[in-house]
Amino acid sequence: MELWIEPNYIARRKFVQRDDKGRFKKGNKPWNKNLKGVFYGPDHTQFKTGHVPANIKEIGTITMRFHKRTKTNYKYIKLAPGVWKLYHRYIWEKHYGKIPEKHVVMFIDGDTLNCNINNIKCISQTENITRNRNRKKASESMKRLWAEEKRRAAYGLTRYTKLKVK
């Protein structure tokens, strides 16, 4: 078996002077000292002007992406180079025009991959909040806040004083 070492690697190694523990010796001069950024010129791996990658998607391509926060898949459509849009929003705008400000497009059956026009609906953000509110969790947090307010009132503290409960 033959070991192949890049010739440039050997050339750089002769400037490196290290002790037996791998540390640079005092007075060592780095190979790139007084050089303003080393650039060896373009090589065969760099993109040339006007190069289009082989895996580029065509305009109108529909892809599926995983949304990390909601942990669900959504469809996207490519409208122009570098411009992607959620497919259900695109379908809504194609049929009914621009989505009004402070409105969201939701899925009626909850399936984010079913982008049929009969399955999507435009609602206000206020309505969306009320639909997605977790009443049990909200009531527990409100009880905790009320208890804190009661303790503050008992000790004559202001609302902005932080309490440390042990």
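We did not get these values from a lab; they are worked out from the coordinates using the rules stated. No experiment lies behind these values; they were computed from the predicted model shown. Reconstructed Cβ throughout: ideal geometry from the backbone, glycine too, with neighbour counts over all protein chains shown.
Each residue of segment 139-145 is assigned a 3J(HN,Hα), and the resulting list reads 5, 5, 5, 5, 4, 5, 5 Hz, derived from the Karplus form 6.51 cos²θ - 1.76 cosθ + 1.60 (θ = phi - 60°), x at Gly and Pro. Its alpha carbons give segment 62-132 an Rg and a Dmax of 12.3, 37 Å. Each Lys and Arg adds +1 at its Cβ and each Asp and Glu adds -1 at its Cβ; summed about the Cα centre, segment 62-132 shows a dipole of about 300 debye.
For segment 53-115, the relative contact order comes to 25 percent (Cα pairs under 8 Å, sequence separation of at least 6).
Taking each residue as 0.36 nm, the span from N116 to R144 lengthens on full extension beyond its C-alpha to C-alpha distance by 5.8 nm.
Legend: Rg and Dmax of segment 40-166, from Cα coordinates, 24.5, 75 Å.
Sequentially through segment 84-90, phi angles give Karplus couplings (6.51, -1.76, 1.60; θ = phi - 60°) of 10, 9, 4, 5, 5, 5, 4 Hz, Gly and Pro residues having no value and appearing as x. Counted residue by residue at 0.36 nm each, then reduced by the alpha carbon distance between them, the extension gain from N132 to Q46 reaches 26.1 nm.
Taking amide hydrogens as modeled 1.01 Å from N in the peptide plane, which residues meet the under 5 Å criterion relative to N28, leaving out close sequence neighbours? HN-HN under 5 Å from N28: empty list. Converting phi to 3J(HN,Hα) with the Karplus coefficients 6.51, -1.76 and 1.60 and the offset θ = phi - 60°, segment 70-75 yields 8, 6, 9, 9, 10, 8 Hz in sequence order, with x at every glycine or proline.
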